[in-house]
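To start, the structure under review is shown below, and the notes come after it.
The values are calculated or read from the model by the stated rules, or taken from the named source; none is laboratory data. Just so it is clear, the structure is predicted and the values come from calculations on it, not from any experiment. No Cβ is skipped: glycine too gets one built from the backbone with ideal geometry, and neighbour counts run over all protein chains shown. Keep in mind that these areas ignore ligands, DNA and RNA; they rest on the heavy atoms of the full protein, side chains included. Shrake-Rupley method; radii C 1.70, N 1.55, O 1.52, S 1.80 Å.
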Amino acid sequence: MKSLLKMTWMEIKLFLREPVGAFFTLIFPLMLLFIFGSIYGNTPSQYFNGQGTVDISVPAYTAMIIATTSLVGLTITVTSYREKGILRRLRTTPINPMTVLVAQVIVLFLMTLLGMLILIIAGKVVYHLRFEGNAFFVLLGFILSLLSFFALGFILAGLLPTARTAQVVGMVILYPMLFLSGAGFPRELLPEAIKKVGAFLPLTYVVNLLRGLWVGDPWRLHVTDVLVLTGMLLISLLISLKTFRWE
């Protein structure tokens, strides 16, 4: 436990020293919130079932942070550690390499949660963000979504040979999902054809689940979202156990 705590603290400092990761996790979603909040405000709209632009954007941008930390942050970091031989060298020390991976998951979980909290505070202070759901249920949806995408990130980290390749592949997968799933733009404003494409993207189910729980939807309205994300979590874990390489 002591080594895990030390490793986690070290990974937190490394994360904050890396400007790109910290920017896209903590700053970029906040910038989007202020940009679109200043344009559209947060007046309730019939297009969003009585919610304002900021009300629906906070859970959607949370989904964006989840996808970014999982598909880019986690994938690049783990691939980089393997490429530099860090995981291999740790196997010869008293520190279990698994400790590094667990510390990485803890750090990205905390940073993703911090990114969400920053959005909530900014939305509440500047735009009087409305919240009608159950905070515990939102946290459960957040954890399920994050674990599902972490598992997907570990598949990429196991398959991709270098950090540079991981960066390219992660972004190729991430950016279309951001635009087609409703994480970047409200799904209500997307054409029907794009919505049909979005139904095949896992991030769509994260957006649906978090937005629904945010406004107080009961879980029974999101059975499909939960089943898709749980299935993705289990299948991705099984695949990553087969494909992950320490060196």
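Which of the residues that make up region 156-174 are hydrophobic (A, V, I, L, M, F, W, C), assigned to a helix (DSSP H, G or I) and either in contact with a Pro (Cβ under 6 Å, 6 or more places away or on another chain) or buried (at least 21 other Cβ atoms within 10 Å of the Cβ) (or both)? Break it down stepwise before answering.
Taking region 156-174 and keeping what is hydrophobic (A, V, I, L, M, F, W, C), we get 156-157, 159-160, 163, 166, 168-169, 171-174.
Then drop every residue that is not assigned to a helix (DSSP H, G or I), which leaves 156-157, 159, 163, 166, 168-169, 171-174.
Matches in region 156-174: Leu156, Ala157, Ala166.
For region 13-56, the candidate set comprises residues that are part of a loop (DSSP other than H, G, I, E, B), open to solvent by 80 Å² or more (accessible area, probe 1.4 Å) and farther than 24 Å from Leu114 by Cβ; within that set, the residue that is modelled with the lowest pLDDT is Asn49. Ala122 satisfies every condition listed in (1) crowded, with 16+ Cβ neighbours inside 10 Å; (2) not in a helix (DSSP H, G or I) except (2). Within region 83-94, being in a helix (DSSP H, G or I) and modelled with pLDDT under 80 holds for Ile86, Leu87, Arg88, Arg89, Leu90.
Yes/no per residue for (1) at pLDDT 90 or above; (2) over 19 Å from Asp225 (Cα atoms); (3) within 15 Å of the chain's Cα centre (by Cα):
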residue: Ala60; (1), (2), (3): yes, no, yes
residue: Ala63; (1), (2), (3): yes, no, yes
residue: Val78; (1), (2), (3): no, yes, no
residue: Tyr81; (1), (2), (3): no, yes, no
residue: Leu119; (1), (2), (3): yes, yes, yes
residue: Phe137; (1), (2), (3): yes, no, no
residue: Leu147; (1), (2), (3): yes, no, yes
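Just so you know, in region 188-215 the residues that are within 18 Å of Ser145 (Cβ to Cβ) and not in a helix (DSSP H, G or I) include one that is modelled with the lowest pLDDT, and it is Ala199. Looking across region 216-231, the residues that are open to solvent by 30 Å² or more (accessible area, probe 1.4 Å) and in a helix (DSSP H, G or I) come down to Trp219, Arg220, Leu221, Val223, Thr224, Val226, Leu227, Val228, Thr230. Confirm whether Arg164 is within 18 Å of the chain's Cα centre (by Cα) and among the charged types (D, E, K, R). Against the criterion (within 18 Å of the chain's Cα centre (by Cα) and among the charged types (D, E, K, R)), Arg164 does not qualify.
For region 96-106, taking the residues that are open to solvent by less than 20 Å² (accessible area, probe 1.4 Å) and farther than 15 Å from Ile66 by Cα, the one that is modelled with the lowest pLDDT is identified as Pro97. Looking only at residues of region 107-117 that are open to solvent by 50 Å² or more (accessible area, probe 1.4 Å) and of a type in the set (A, V, I, L, M), we find that the one that is nearest to Pro59 (Cα to Cα) is Leu117. Checking every residue in region 72-95 against the condition of being acidic (Asp, Glu), open to solvent by less than 60 Å² (accessible area, probe 1.4 Å) and touching a helix residue (DSSP H, G or I) at 6+ places or on another chain (Cβ under 7 Å) gives zero matches.
Yes or no: Phe150 among the hydrophobic types (A, V, I, L, M, F, W, C), over 19 Å from Ser70 (Cα atoms) and assigned to a helix (DSSP H, G or I)?
Numbers: among the hydrophobic types (A, V, I, L, M, F, W, C): yes; over 19 Å from Ser70 (Cα atoms): no; assigned to a helix (DSSP H, G or I): yes.
Spelling it out, it is not the case that Phe150 is among the hydrophobic types (A, V, I, L, M, F, W, C), over 19 Å from Ser70 (Cα atoms) and assigned to a helix (DSSP H, G or I).
Among the listed residues Leu210, Leu201, identify the single one that is open to solvent by less than 50 Å² (accessible area, probe 1.4 Å), under 15 Å from Pro176 (Cα atoms) and touching a Ser or Thr at 6+ places or on another chain (Cβ under 7 Å).
Working: Leu210 fails: under 15 Å from Pro176 (Cα atoms).
The match here is Leu201.
Pairs only if they're at least six apart or on different chains, beta carbon under 8 angstrom, first in region 119-131 and under 14 Å from Tyr61 (Cβ atoms), second among the polar types (S, T, N, Q) and in a helix (DSSP H, G or I); list them, first residue then second. Pairs found: Leu119/Thr62; Gly123/Ser57.
Per the conditions (1) part of a helix (DSSP H, G or I); (2) open to solvent by 70 Å² or more (accessible area, probe 1.4 Å), the sole criterion not satisfied by Phe131 is (1).
Residues in region 135-147 that are open to solvent by less than 60 Å² (accessible area, probe 1.4 Å) and under 18 Å from Thr25 (Cα atoms): 4 in all.
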